[in-house]
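Here is the structure we will look at, set down as structure tokens.
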Amino acid sequence: MQGETLGLVANEGTANVRIVLVSSEAVPFAKTGGLADVVTGLARALYRAGHDVTIILPDHRQFVPSSLTGESTGVALSVWLNDQKVQAWIRKTHLPDSRISVLLIDHPGYFDRQGLYGEGGHDYPDNAERYLFFSRAALEAIAQLDLHPDIIHANDWQTGVIPAVLHEEYSHQPGFERTATVFTIHNMAFQGMFPAEVMRLTNLPSQFFNWQQMEFHGKVNLLKTGISFAHRVTTVSPTYAREITTPEYGYGLEGALSARGEDLVGILNGVDTSEWNPNADHHLPQRYEARSVGRGKPICRAELLHEMKLPRRTEGMLCGMVSRMTDQKGFDLILPAMESLLATGSSFVFLGNGDPVVERKLKNLGEAFPEQFAVRIGYDERLAHRIEAGIDLFLMPSRFEPCGLNQMYSLLYGSPPLVHRVGGLADSVVDTNPETLAAGTANGFAFSDYNVESFIETFHRALATWRDRPTWEKIVQNGMIPDISWNRSASLYAGLYERAIASRCQSNS
Ligand code: ADP
Ligand code: GLC
């Protein structure tokens, strides 16, 4: 039992379900977006609930903190990609301040690069090969280290082939007799689509290349592969789970998703409160909680204005945004609306990077309105925390949003979010109106029609509420007090894992 001698079979006595989470990113090892926060937050909550959790990641060496590079397990593995045998090593480390094992698949040729998926706005040309390799290597690592999982939980297209390979090659091997697969979709906009020749690299039967399994308009589609073969499919909010069965949000896979019926479930992401808690946040100049937000936030606000070189004035609402700069995130509303929003005397702080056209337009606004508009292009964890704490209103008018984490961070930081009512934004933000105020649920502002007029009108409603201090204080409290940590969502995943295991066992019998 190589796994046990390496200490990989943890949590003895408390384990309910043995779960292996496989992902291309997880904080603090590598991150391009919310997926990384979700894998780590979910793993910690499952572990706290007594489950046995291991995470498997590619060893994206450039991004792994030096204190977490771990040690070699001495275990090598090899994987066939078409007729090429590819070898790698397994390193073992752990999540910070935790006993949760993290296995890193170490193949410098594939993973020791400047970017995760590409550089300079271009995807790496061998992404199919890299992540097909990673997916198969994860299964081999599980086999060689005797992890005997009840559940392999794969995430997004990078690991979409795992349920198919398990089904075809591993399901009757020792250690996998009970293993069920769960596949989580974090974003339908990224499907991992590659030319038909890539089918050969998968080493799966060519019959799988059909419209009900791996093929999509003549291409190999790895997201579809995960959707078709997993025992259960989840996505990251109940509303997005409904939306993606429609042509508007399904990106052509609405049929494949509808075909899964009740096997497709939406579970809202939680917040990892060990990272995002204004009362324990070492990035903030002043920590605060719901009772002390009135004292803490003005200090964070003043520091943020200073850091972003904006005048430390007190009049005017301060709005913020932390985001990847892509079509998804609503910049086609924000940019045309901005002059009208600035005319209200409000100020803006933007942090993000991505689309060079959006970056340039935001910089232009910063130059035209230096007293009111500040932008930082780049990725900056510390500043992201300081913005969440220092602003009054968080902007997140995404065109679509599977879940979204920043609106939830801003709720916890007492900065009500203004959102487009879609996906996880609809499931976490309650628009402020007389009824929701009376019910004590109002915690932000939401609009339904995705157009510039609705966005501006909602901004004016938020501004009027901000000027009405007692009402504003109520919605701030409504956002800060409820428990939106991972605990609830992790118990929903645990229930789903049980159902996936049961259906795997049924199909065995
Ligand atoms: P998505 O995954 O679609 O980008 P989410 O809201 O789920 O959106 O998650 C985004 C995560 O990335 C959040 O943790 C957010 O704070 C972080 N983030 C995005 N852009 C930046 C940035 N420029 N600097 C720091 N953190 C960022
Ligand atoms: C994706 C989605 C985002 C979600 C995140 C984590 O990046 O765009 O809405 O919060 O995954 O699930």
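Pull out a ≥ b ≥ c, the square roots of the eigenvalues of the alpha-carbon gyration tensor of the stretch 24-180, then state rounded if a/c is under 1.5, prolate if not and a/b is larger than b/c, and oblate in the remaining case.
Values: a/c = 1.45, a/b = 1.05, b/c = 1.38.
Rounded, since a/c falls under 1.5.
Under 5 Å between amide H atoms, partner at least 5 residues away or on a different chain: which partners does residue 266 have, H built in plane at 1.01 Å?
Here 235 satisfy the definition.
Sorted from largest down, what three extents in whole angstroms do the Cα atoms of the stretch 364-509 have along their principal axes?
Largest to smallest, the principal-axis extents are 69, 41, 29 Å.
Taking 7 Å along the Cα-to-C-beta vector as the label spot, tell me the residue 280-residue 327 distance in nanometres, rounded to one decimal.
Rounded to a tenth, the inter-label distance reads 4.1 nm.
Could you tell me how many degrees, from 0 to 90 and to the nearest 10, lie between the Cα long axis of helix 127-144 and the main elongation axis, the longest principal axis, of the Cα atoms of the chain?
60 degrees
Counting other C-beta atoms within 10 Å, and keeping those with at most 13, which DSSP coil chymotrypsin sites (Phe, Trp or Tyr not before Pro) do you find in the stretch 458-509? Display every interim value, and only then the final one.
Working: sites: 459, 466, 472, 486, 493, 497; in loops: none.
Within the stretch 458-509, no chymotrypsin sites (Phe, Trp or Tyr not before Pro) qualify (loop, at most 13 other Cβ atoms within 10 Å).
Taking 0.36 nm per residue of separation and subtracting the Cα-Cα distance, what length does fully extending residue 87 through residue 453 add?
On the way: separation 366, 0.36 × 366 = 131.76 nm, distance 5.60 nm.
Length gained between residue 87 and residue 453: 126.2 nm.
Quote the Stokes-Einstein diffusion coefficient, in whole µm² s⁻¹, for the stretch 300-386, based on the Kirkwood radius over alpha carbon pairs, a temperature of 37 °C and a viscosity of 0.692 mPa s. Intermediate results must be reported in sequence, preceding the final value.
Working: Rh = 13.1 Å.
The Stokes-Einstein estimate is 250 µm²/s.
With charges only on Cβ, +1 for K and R and -1 for D and E, what is the dipole size of the stretch 182-257 about its Cα centre, in debye, rounded to 20? Before the final figure, lay out the partial values.
Values: 5 positive and 5 negative charges, 37 e Å.
Charge dipole, the stretch 182-257, about its Cα centre: 180 debye, nearest 20.
Tilt of helix 452-467 relative to the longest C-alpha principal axis of the chain, in degrees (0 to 90, nearest 10)?
Compared with the principal axis, the helix lies near 60 degrees.
Taking a virtual spin label 7 Å from the Cα of residue 189 along the C-beta vector, which residues in the stretch 318-347 bring their backbone nitrogen under 19 Å of it?
In the stretch 318-347, the label zone of residue 189 (backbone N under 19 Å from the point 7 Å along Cα→Cβ) covers 321-337.
Considering every pair of different Cα atoms, what Kirkwood radius, in Å, is found for the stretch 337-419?
Values: mean 1/r = 0.0734 Å⁻¹.
It works out to 13.6 Å.
In whole percent, how big is the carbon plus sulfur part of the accessible area of the chain, probe 1.4 Å, protein atoms only? Provide the component values of the computation, followed by the final result.
Values: 10070 of 20140 Å².
Using a 1.4 Å probe with all protein chains present, the chain comes out at 50 percent carbon and sulfur.
Which whole-number percentage describes the relative contact order of the stretch 7-134, with Cα contacts under 8 Å and a sequence gap of 6 or more?
Numbers: 212 pairs, mean separation 29.1, N = 128.
Rounded, it is 23 percent for the stretch 7-134.
Apply the Karplus parameterisation 6.51 cos²θ - 1.76 cosθ + 1.60, with θ equal to phi minus 60°, to every residue of the stretch 373-386 and state each ³J(HN,Hα) to the nearest whole Hz, in sequence, with x for glycine and proline.
After applying 6.51 cos²θ - 1.76 cosθ + 1.60, I find 10, 10, 10, 10, 8, x, 10, 8, 4, 4, 5, 4, 5, 5 Hz.
Probe of 1.4 angstrom, ligands and nucleic acids ignored: what's the accessible area per residue over the chain, in square angstrom?
Numbers: 20140 Å² over 509 residues.
Accessible area per residue: 40 Å².
Using helices alone, what [θ] at 222 nm do you get for the chain, with -39,500 (n - 2.57) per DSSP H run of 4 or more residues, divided over all residues and rounded to the nearest 500?
On the way: 20 runs with 194 residues, N = 509.
It comes out at -11000 deg cm²/dmol, rounded to the nearest 500.
So what's the stretch 266-336 giving for Cα Rg divided by 2.2 N^0.38 Å, two decimals? Spell out each step's value before the answer.
On the way: Rg = 15.4 Å, N = 71, 2.2 N^0.38 = 11.1 Å.
Rounded to two decimals, the normalised Rg is 1.39.
What's the extension gain from residue 114 to residue 178 if we count 0.36 nm per residue and subtract their Cα-Cα distance? Working shown, then result.
Working: separation 64, 0.36 × 64 = 23.04 nm, distance 3.87 nm.
Taking 0.36 nm per residue and subtracting the Cα distance, the gain is 19.2 nm.
For the modelled label position 7 Å from the Cα of residue 344 along Cα-to-Cβ, which residues of the stretch 298-328 have backbone nitrogen atoms closer than 16 Å?
315-321
Using Cα pairs under 8 angstrom and six or more residues apart, how large is the relative contact order of the chain, in percent?
Details: 999 pairs, mean separation 62.3, N = 509.
Value for the chain: 12 percent.
Using DSSP to define loop residues, name the GluC sites (Glu not before Pro) in the stretch 153-199 whose beta-carbon has at most 11 other beta-carbon atoms within 10 Å. Write down the numbers at each step before the final one.
Values: sites: 168, 169, 177, 197; in loops: 177, 197.
Those satisfying the criteria are 197.
Amide H of residue 373 versus every other amide H placed in the peptide plane: which residues, excluding those fewer than 5 positions away on the same chain, fall under 5 Å?
Under 5 Å from the amide H of residue 373 lie the amide H atoms of 348, each far enough along the sequence or on another chain.
When N is the residue count of the chain, what does its C-alpha Rg come to as a fraction of 2.2 N^0.38 Å?
Rounded to two decimals, the normalised Rg is 0.99.
As an exercise, identify the trypsin sites (Lys or Arg not before Pro) in the stretch 179-262 lying in DSSP coil whose Cβ has no more than 16 other Cβ atoms within 10 Å. Each step should come with its number before you reach the end.
Working: sites: 200, 219, 224, 232, 242, 260; in loops: 260.
Listed in order of number, the matching sites are 260.
Can you tell me the FRET efficiency between residue 306 and residue 200 if r is taken as the Cβ-Cβ distance and R0 is 41 Å, rounded to the nearest 0.05? Please report the intermediate quantities before stating the final value.
Working: r = 58 Å, r/R0 = 1.41.
With a Förster radius of 41 Å, E is 0.10.
Could you give the length gained on full extension between residue 78 and residue 169, defined as 0.36 nm per residue of separation minus the Cα-Cα distance, in nm? Don't skip to the end; give the middle numbers.
On the way: separation 91, 0.36 × 91 = 32.76 nm, distance 1.50 nm.
Computed gain between residue 78 and residue 169 is 31.3 nm.
With θ taken as phi - 60° and the coefficients 6.51, -1.76 and 1.60, list the Karplus ³J(HN,Hα) couplings across the stretch 246-260 in order, rounded to whole Hz; mark glycine and proline as x.
With the stated coefficients, the stretch 246-260 comes to 10, x, 4, 10, x, 6, x, 9, 4, x, 4, 6, 4, 4, 7 Hz.
Along the positive direction of the dipole of the chain (beta-carbon charges: Lys, Arg +1; Asp, Glu -1; about the Cα centre), which of 256, 226, 420 reaches farthest?
Farthest towards the positive end: 420.
Taking a ≥ b ≥ c as the square roots of the Cα gyration tensor eigenvalues, with a/c under 1.5 meaning rounded and otherwise prolate when a/b beats b/c, else oblate, which class fits the stretch 34-106? Could the numbers behind the result be given before it?
Values: a/c = 1.98, a/b = 1.77, b/c = 1.12.
The shape class here is prolate.
Would you please classify the overall shape of the stretch 284-429 from the alpha carbon gyration tensor, given that a ≥ b ≥ c denote the square roots of the eigenvalues, rounded means a/c under 1.5, and beyond that prolate means a/b larger than b/c while oblate covers the rest?
Working: a/c = 1.61, a/b = 1.10, b/c = 1.46.
The shape class here is oblate.
List the pairs from 92/219; 219/363; 219/361; 309/361 whose alpha-carbon separation is above 28 Å, in the order I gave them.
Pairs exceeding 28 Å: 92/219; 219/363; 219/361.
Can you tell me what share of the DSSP beta bridges in the chain is antiparallel? A percent to the nearest 5 is fine.
30 percent
With a 10 Å radius around each residue's Cβ, average the other Cβ atoms per peptide and rank 422-431, 72-81, highest first.
Details: 422-431: 24.4, 72-81: 15.5.
Output ranking for 422-431, 72-81: 422-431, 72-81.
If packing is taken as the average number of other Cβ atoms within 10 Å across a peptide's residues, how do 267-280, 317-330, 146-159 rank, most packed first?
Details: 267-280: 19.9, 317-330: 21.5, 146-159: 24.4.
Top of the packing list down: 146-159, 317-330, 267-280.
So how many Å³ per residue does the convex hull of the Cα atoms of the stretch 109-176 work out to? Could you put the intermediate results ahead of the total?
On the way: hull volume 6.5 nm³, N = 68.
Hull volume normalised by residue count: 95 Å³.
Roughly how compact is the stretch 182-276, stated as its Cα Rg over 2.2 N^0.38 Å to two decimals? Can you show the working numbers first?
Working: Rg = 14.4 Å, N = 95, 2.2 N^0.38 = 12.4 Å.
In units of the globular-protein estimate, the stretch 182-276 measures up at 1.16.
The values are calculated or read from the model by the stated rules, or taken from the named source; none is laboratory data. Just so it is clear, the structure is predicted and the values come from calculations on it, not from any experiment. Backbone-built Cβ (ideal geometry, glycine too); neighbour counts: all protein chains shown. What goes into the accessible areas is simple: the full protein's heavy atoms, side chains included, and nothing from ligands, DNA or RNA. Shrake-Rupley method; radii C 1.70, N 1.55, O 1.52, S 1.80 Å.
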